[in-house]
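One structure is given below, encoded as structure tokens.
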Amino acid sequence: MNNITFAEPLVLYLLAVIPAMIAFYVLKQHKTTASLRMPDLGQFKEAGITFRHYLRHVLFAFRTLAIALLIFVLARPQTTDKFQNMSTEGIDIVLALDISGSMLARDFRPDRLEASKNVATEFISGRPYDRIGLVVFSGESFTQCPLTTDHAVLVNLLREIQSGMIEDGTAIGMGLATAVNRIKDSEAKSKVIILLTDGVNNRGEIAPATAAGIAKTYGIRVYTIGVGTQGVAPYPVQTPYGMQYQDMQVEIDEAILREIAQETGGKYFRATDNNKLVQVYNEIDKLEKSKIDVRQFSRKDEKYHPIALFAICLLGLEIFARNTILRNLI
């Protein structure tokens, strides 16, 4: 093993206890060893020293070596001589997700919002080296998660999204503008927004076309996705008897979504069911892998596992020997 380093080097100072243990053991042996004064030792000349004389020190040797090895384990030895070429697209992506009440329509399984969250989660998992952020919007918009490579945190925040978190409505322009604000200062080679909605812009102070112009100014490409089946779909409606579902006409402002995509160099997609939504994200995933930046990463390889196993074996061997073959020598 070359280029060994330790993740916790300060732990190695504990090795100073090993000489102290040896000194204490030697001193203890000197004080407890019985001496017999004989006027003549001639009769013992032929006796010699047998291996049993040394076996009594084996238990201490096992324990001392095991402790030393465990200290090395706690210091976490690593090698840094492994390098791996990885492909990273150098892309920053913001997902802008509509969470208005209509996203609870059940033309998708189990509904539009949950289907969108599930597919977005798979998309995130497939791009481990990109920074990805999350913006949600309905009547207003806010950032649920800034750009990050910590995709575990991002996915958890995505799963927490629910319709009704903010005032209802569909502010497409506000959602896009918030996403632009989050990604505009990025230094990535490619800056992308994926905007998903199921309705018509009816709220917000910023028009979708205005937000698209701002995105174009900052070199941000916007992919737009219209979610909803053709014709009618079961929408949630609040009634005196509670929430019920009624078939209503699906209205998606495809014209403005196409305009946003065309203005920014992106593309518009229509997802009419779960499978189509998966296909849309897969196509976007392929489109945004055209810019490849190959880098070489240093990978640390943990080396403490065999050391820990050896130390455990020594401790086990010591316990076994102490209670069996060396019991009468202690």
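Tabulated data for the structure shown
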| read-out | value |
| --- | --- |
| Odd one out for Leu176, checked against (1) crowded, with 16+ Cβ neighbours inside 10 Å; (2) in a strand (DSSP E or B) | (2) |
| Count - residues of region 139-157 that are touching a residue at least 60 places away in the same chain (Cβ under 8 Å) and in contact with a strand residue (DSSP E or B) (Cβ under 7 Å, 6 or more places away or on another chain) | 1 |
| Breaking point among (1) among the acidic types (Asp, Glu); (2) exposed (fewer than 12 other Cβ atoms within 10 Å of the Cβ); (3) at pLDDT 85 or above, for Glu46 | (3) |
| Qualifying residue in region 232-243 (condition: within 17 Å of Tyr268 (Cβ to Cβ) and in the same structural domain as Ala271 (by TED's automatic domain parsing)) | no |
| All positions within region 157-168 that are of a type outside the set (Ser, Thr, Tyr), assigned to a loop (DSSP other than H, G, I, E, B) and either crowded, with 18+ Cβ neighbours inside 10 Å or not assigned by TED's automatic domain parsing to the domain that holds Asp111 (or both) | Ile161 |
| Unique residue being outside any loop (DSSP other than H, G, I, E, B) and in contact (Cβ under 8 Å) with a residue 24 or more places away in the chain when the list is Phe108, Phe123 | Phe123 |
| Residues within region 144-156 that are in a helix (DSSP H, G or I) and closer than 17 Å to Ile194 by Cα, tallied | 3 |
| Residue among Lys189, Lys216 that alone is closer than 30 Å to Tyr129 by Cβ and at pLDDT 95 or above | Lys216 |
| Criterion violated by Ala188 - all others in (1) under 23 Å from Leu287 (Cβ atoms); (2) more than 33 Å from the chain's Cα centre (by Cα) satisfied | (2) |
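The values are calculated or read from the model by the stated rules, or taken from the named source; none is laboratory data. None of these values were measured; they are calculated from a predicted model. Please note: Cβ atoms are built from the backbone with ideal geometry, for glycine as well, and neighbour counts cover all protein chains shown.
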